[in-house]
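Report on the following structure.
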Amino acid sequence: MVNVIHYRYRGDETILTTVDLRHGEVLKREILVQFPTALAQEEITRAEEMARADSRLQGLFAAQRLHVEARPLQAAAPQDPLFGHRVMHLLLRNGNAYLTTPRVLVDLSTETVLVDDPSDIAK
């Protein structure tokens, strides 16, 4: 048996499916809303591409050889504009040092890059 996990952007849903590989049948399917779900490599790649293409961040990426690490971010309060969205916080690292600014969030649900403290971005 294996558990397969899918994320559906519409509705912020995680789909858990239990499959019996021996008999090739689905035993159980459960849909969970607002359930913390790991990021897929394709999502991380897309978020990094979006950040590197963002005009507010291009100078920063050009000036330094930055590595990007992604962490899922889940808004808990329904009044938060990011509630119910697939969001990741991109940590920017130069060697062993993480940059403290800017704070970069990528909302994959709306295909938007959010940048805090844009005035602190190195040109």
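The values are calculated or read from the model by the stated rules, or taken from the named source; none is laboratory data. If you're wondering where the values come from, they're calculated on a predicted model, not measured in any experiment. Every residue, glycine among them, receives a Cβ derived from its backbone with ideal geometry; neighbour counts consider all protein chains shown.
Per-structure values
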item	result
Checklist (1) surrounded by fewer than 16 Cβ atoms within 10 Å (Cβ to Cβ); (2) touching a strand residue (DSSP E or B) at 6+ places or on another chain (Cβ under 9 Å); (3) touching a residue at least 12 places away in the same chain (Cβ under 8 Å) applied to G59, failing item	(2)
Hits in region 62-108 - residues which are exposed (fewer than 12 other Cβ atoms within 10 Å of the Cβ), of a type in the set (S, T, N, Q) and under 21 Å from E13 (Cβ atoms)	Q79
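Okay, residues lined up against (1) outside the structural domain of E13 (by TED's automatic domain parsing); (2) not aliphatic (A, V, I, L, M):
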position: K28; (1), (2): no, yes
position: T45; (1), (2): yes, yes
position: Q64; (1), (2): yes, yes
position: V113; (1), (2): yes, no
